[in-house]
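Undergrad: Following this message is one structure expressed as structure tokens.
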Amino acid sequence: MQTNCKLYYKIVKTKNKTYRVVFTFDAYNRITVKNTALITGDVANFTDSAEYIQYSINNAIARAKAQLRTNVVEAY
């Protein structure tokens, strides 16, 4: 069953020089460990091409939409 809840995401740079995507349904507070709905693993490295980084982020968003059963995704 799909919902119409807005899912917000934020791209996080880790200290290991990789990117992760963090998802939450909470639009009013900061994204914290307590209110995250999903945290991806490392999706790309800093040294990867811009096209590959965008492709990996788009794949992570598509997987989160399917897993969290929502169609509405916005950047945080």
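Each reported figure results from applying straightforward, stated rules to the coordinates on display, with no laboratory input. Everything numeric in this text was worked out from a predicted model, so none of it was measured. Ideal geometry is used to build each Cβ from the backbone, glycine not excepted, and the neighbour counts take in all protein chains shown.
Undergrad: Can you name the residue in region 1-24 that is under 8 Å from the mean Cα position of the chain (by Cα) and aliphatic (A, V, I, L, M) and, of all such residues, is surrounded by the fewest Cβ atoms within 10 Å (Cβ to Cβ)?
TA: Checked region 1-24; the qualifying residue surrounded by the fewest Cβ atoms within 10 Å (Cβ to Cβ) is ILE11.
Undergrad: Please determine whether any residue of region 31-42 is free of Cβ contacts under 8 Å to residues at least 12 places away in the same chain, assigned to a helix (DSSP H, G or I) and either surrounded by 12 or more Cβ atoms within 10 Å (Cβ to Cβ) or more than 14 Å from the chain's Cα centre (by Cα) (or both).
TA: no
Undergrad: Right, something else. Within region 1-21, which residues are touching a residue at least 24 places away in the same chain (Cβ under 8 Å) and under 23 Å from ASN71 (Cβ atoms)?
TA: MET1, GLN2, THR3, ASN4, CYS5, LYS6, LEU7, TYR8, TYR9, LYS10, ILE11, VAL21
Undergrad: Considering only region 46-72, state which residues are in a strand (DSSP E or B), out of contact with any Lys or Arg (no Cβ under 6 Å at 6 or more places or on another chain) and either more than 13 Å from LEU7 (Cβ to Cβ) or of a type in the set (Val, Ile, Thr) (or both).
TA: Correct list: THR70 only.
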